[in-house]
Every structure is written in C-alpha cells, then in structure tokens.
Amino acid sequence: MAVPISQAWTVATYVLGQKMKGRKRYPLVTMLEPLYRCNLACAGCGKIQYPAHILKQELSPEECFRAVEEAGTPMVAIPGGEPLLHPRIGEIIEGLVARKKYVYMCTNALLLKEKLHLFKPSKYFSFSVHVDGQREHHDFSVCREGGYDIAVEGIRAALAKGFRVTTNTTLFDGADPNSVRAFFDEMMEVGVESMMVAPGYTYEKAPDQKHFLGRARSRRLFRSILSNRKKGWRFNANPLYLEFLMGKRDFRCTPWGMPTYSIFGWQKPCYLLQDGYADTFKELMEATEWANYGTESGNPKCANCMVHSGYEASGVNYTFGSLKGLWETAKATFSSVYPDKGALDLLNEPAKPHAPLVQIHTATTHVRETEETTV
Ligand code: SF4
C-alpha cells in the first residue's frame, strides 16, 4: 500500500461523508505554510522571493491549529518555505497529530538529520522529502551541489528511527525520463513509503521562467515516465491523477480541494495563485469567484497548470463520485503497469542537455542571510 489502510479509510469516509451531506465544494488537504523562509533558492520556486520582513514572519502553532480546524480536512500538507526553519515546528506537528490529522511535512532535508529529535514517529505523520531526481539533476534543480546526498542521508536517518518518509518531485522541461525512472528505482531501494510527482507550475515570481512545461509537453513526459511502470514503484497520489498527467483522462481543476493558509490568511483561489486573501475559510469558500479559475475558464494563469494541488482532488472526487469511479480507481491501482510501445520509443529519444543555470536574483541571497540570522 502507498499509504496506511487507516489513512485510506479516513479519507474515503471523509469524502463519502461530504458527498452524503451534499457539499458541492469541499476541501481535501489543508496546505499550511507556516513560513516562507528557506535555506535553498531553487530556480523554479515561486515562494521565496518575498522581501526580508515577510521572510522573517511565521505562523504560531495556535494559528496553524485554528486554520486546520476551520477547514476540517483529514489531511494537512506543510510546504513552505522550509518548515524545519520554523522554531516551533515540533509543536505544530505534535498538535496536528494529536488532532488525528494525517500530516505530510515537506522538507528539502538539509536539516532533517539534526532536527529529527523534534519529532516522534506516528502513523499520522510523514516527512515528504523534496528530491527532484537523481543526484546531478536534483542538485541542478535546487541550485545546490551536494543537496541530493544530504537529502538521502536525511531520509535514511528518518527511516532508521521509524518515521514514515515519502518523496515529492517536481519535473521541469528537459527532464530526462530515463533518469526519472532510475530515480524511482533509487528511492524505492532507499526504502521510502511512496513517491509524489508533478509538473512544476509557471510561477510568475520564479527566477527561471524558461523551464516550465506546457500541458502537451507535460503529458508527453509523464506518458514516457509512467507507462511501462515497474511493479515495485509506489506513488503517493490518486492513480487517476497520474492517468491525467499521462494524458489518459481529463479533469477540471478543483481549486478549493487544497486550500492554502499562510501568514497572509486564506489564499485565493489556490496554492499557486495569489488573487487576494480571506480572513476565514468560510469567506474563502463564499467570496472566491471559482468560475474564473481552471484551464477551461480561459484564465491565462491556469492555461498550463496540471499541478496536484488543483487536480488531485478532482481525481479523488471522481473516484468517490460513482461505482464507475471506484472501479476505475481499483483497476488503476491493481493493474498499473500501463504497457505502451509508443512510450518506450519516447524513452529512446536522446535526452536534452541541461541549459545553463539561472542566476538567482540577489534578493534570494538575502533569504539565506535571513535564515542564518533567525534560526
Ligand atoms: S488551474 Fe492551477 S493555477 Fe489555476 S486555479 Fe487550478 S490549481 Fe490554481
């Protein structure tokens, strides 16, 4: 199983409960951003280009608990920023686990080994380690030599102490599908519970604007990677969402599926866009013009998006929407090899070399300085 049975059961009963209540729009995962500071400066990141006075701010544990209770989701994801830089991250995780929330804390793992003592292993808690591919690719992607080795060392240390560990991988244009497949083998060998993979979103603020994938290129890349799948690979994703990435089915975006709370409040409409903020979750749901978002809306900011924060909830909603959805999900889960000769041919195409590294704006250097002075 890619997730413990108790987690799958909790999510299934939650979604069915929402449907029985007739809720047209319900959230699935609360995206909690307790800070924007980071100890990396990835070229594809849209979160760390804030001025220093914003990067110094953080949510208190009480603010985190209030937001999660407001949304009422069974799962919480903590991206960032780098959550391990939050001075009270141990308390935040402990409080969420006490509330029986299934928590995925994203981390680049640079500090994981030295901060493991802040956490206790629990079925409710998983580290979701950001690794973008094999050693060379990951180091290139996060603009940090040695980042891969430190991340893997952190993963091994967490696994040895009995923690749940998953990975999350963002793919950009130029990703070598053979290398990504070899990376999946590596992570399974290291012993992670499961892997999450998605295309990067075209953040306007990201320093590198050249390497974001359009939808057609995303589908082609994911078809080559996820077809002819090895049986041992475990993915931490709704299997229908993976079929969506491979171009095998289409979904409309569910922007309210993973609502985001940060130091600014509830972000409209989704994790990726910032079209204003709401003070309460209720206000977010009632005051957002949802029809203005999603690829079909014609909103240019949504044109190329296939990110899980918008579309994974669509897959989950489809799964529990009918017997057909349940059957298709079961089929995708248990016979998930996806033999595809055309996809094998794609793997034989020559890989593109990396383009030169993007120069990160000097403000980003300031992020590291801020982190060093505040931790
Ligand atoms: S398509 Fe993407 S960017 Fe647009 S609302 Fe959905 S998740 Fe947000």
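Bear in mind that the values in this text are calculations on the coordinates, not laboratory data. Keep in mind it's a predicted model, so treat the numbers as computed, not measured. Here the Cβ positions follow ideal geometry from the backbone for every residue, glycine too, while neighbour counts run over all protein chains shown.
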Exercise. Cβ under 14 Å from Tyr318's Cβ, Tyr318 left aside: what net charge do those residues give with Lys, Arg +1 and Asp, Glu -1?
Worked result: +2
Exercise. Out of residues 5 or more away from Tyr277 or on other chains, whose amide H comes under 5 Å of its own, with H placed 1.01 Å from N in the peptide plane?
Worked result: Lys268
For this session: Would you calculate a helix-derived [θ] at 222 nm for the chain, using -39,500 (n - 2.57) for each DSSP H run of n ≥ 4 and dividing by the full residue count, to the nearest 500?
Result: -11500 deg cm²/dmol
For this session: Report relative contact order for region 187-324 in percent, whole number only (criteria: Cα-Cα under 8 Å, sequence separation at least 6).
Result: 27
For this session: Could you go through region 156-173 in sequence order and give the Karplus-derived ³J(HN,Hα) for each residue, using 6.51 cos²θ - 1.76 cosθ + 1.60 with θ = phi - 60°, rounded to whole Hz, and x for Gly and Pro?
Result: 4, 5, 5, 4, 4, 8, x, 7, 6, 9, 10, 10, 10, 10, 10, 10, 10, 4
For this session: Compute the length gained on full extension between Ala12 and Lys230: take 0.36 nm times their separation in residues and subtract their Cα-Cα distance, giving the result in nm to one decimal.
Result: 75.8 nm
Seminar exercise, completed: Of the candidates Asn108, Gly214, Leu344, the farthest towards the positive dipole end of the chain (Lys/Arg Cβ +1, Asp/Glu Cβ -1, centred on the Cα centre) is Leu344
Exercise. Using the alpha-carbon centroid of each, what span in Å lies between region 238-315 and region 112-173?
Worked result: 26
Exercise. Once both labels are modelled 7 Å past Cα along the beta-carbon direction, what's the Val190-Glu286 spacing in nm?
Worked result: 4.5
Exercise. Which aspartates and glutamates have a Cα less than 18 Å from the Cα of Lys324, not counting those fewer than 8 places away in the same chain?
Worked result: Glu243, Asp250, Glu312
Exercise. Magnitude of the Cβ-charge dipole of the chain, K/R +1 and D/E -1, about the Cα centre, nearest 20 debye?
Worked result: 1280
Exercise. So what's Rg/Rh here for region 217-345, counting alpha carbon atoms and using the Kirkwood radius for Rh?
Worked result: 1.03
Problem set entry | Percent of alpha-carbon pairs separated by more than 38 Å within region 25-374 | 10
For this session: Counting only C-alpha contacts under 8 Å and six or more residues apart, can you give the relative contact order of the chain as a whole percent?
Result: 20
Exercise. What residues have an amide H closer than 5 Å to that of Cys38, excluding those fewer than 5 places away on the same chain, when H is modeled at 1.01 Å from N in the peptide plane?
Worked result: Glu82
Exercise. Which stretch or stretches of region 303-318 have amide N atoms under 15 Å from the point lying 7 Å from Thr333's Cα along the Cα→Cβ direction?
Worked result: 315-318
Problem set entry | Linear extension gain, Ile150 paired with Glu296, 0.36 nm per residue minus alpha-carbon span | 48.4 nm
Problem set entry | Partners for Lys113 among aspartates and glutamates (Cα-Cα distance below 13 Å; same-chain residues under 8 apart left out) | Asp149, Glu153
Exercise. Non-local amide H neighbours of Ser194 (under 5 Å, H modeled in plane, Pro and chain starts lacking H): which ones?
Worked result: Thr167
Exercise. To the nearest 0.05, what FRET efficiency results for Lys161 and Asp345 with a Förster distance of 45 Å applied to their C-beta separation?
Worked result: 0.55
For this session: Please turn the phi angles of region 298-306 into ³J(HN,Hα) values with the Karplus equation 6.51 cos²θ - 1.76 cosθ + 1.60 (θ = phi - 60°), one per residue in order, whole Hz, x for glycine and proline.
Result: x, 5, x, 5, 9, 4, 9, 6, 9
For this session: Would you list, by chain and number, the lysines whose Cα falls below 20 Å from the Cα of Lys100, excluding same-chain residues fewer than 8 positions away?
Result: Lys120, Lys123
Exercise. How large is ³J(HN,Hα), in whole Hz, for each residue of region 174-190 in order, when computed from phi with the Karplus curve 6.51 cos²θ - 1.76 cosθ + 1.60 and θ = phi - 60°, using x for Gly and Pro?
Worked result: x, 4, 8, x, 5, 5, 5, 5, 5, 5, 4, 4, 4, 5, 5, 5, 5
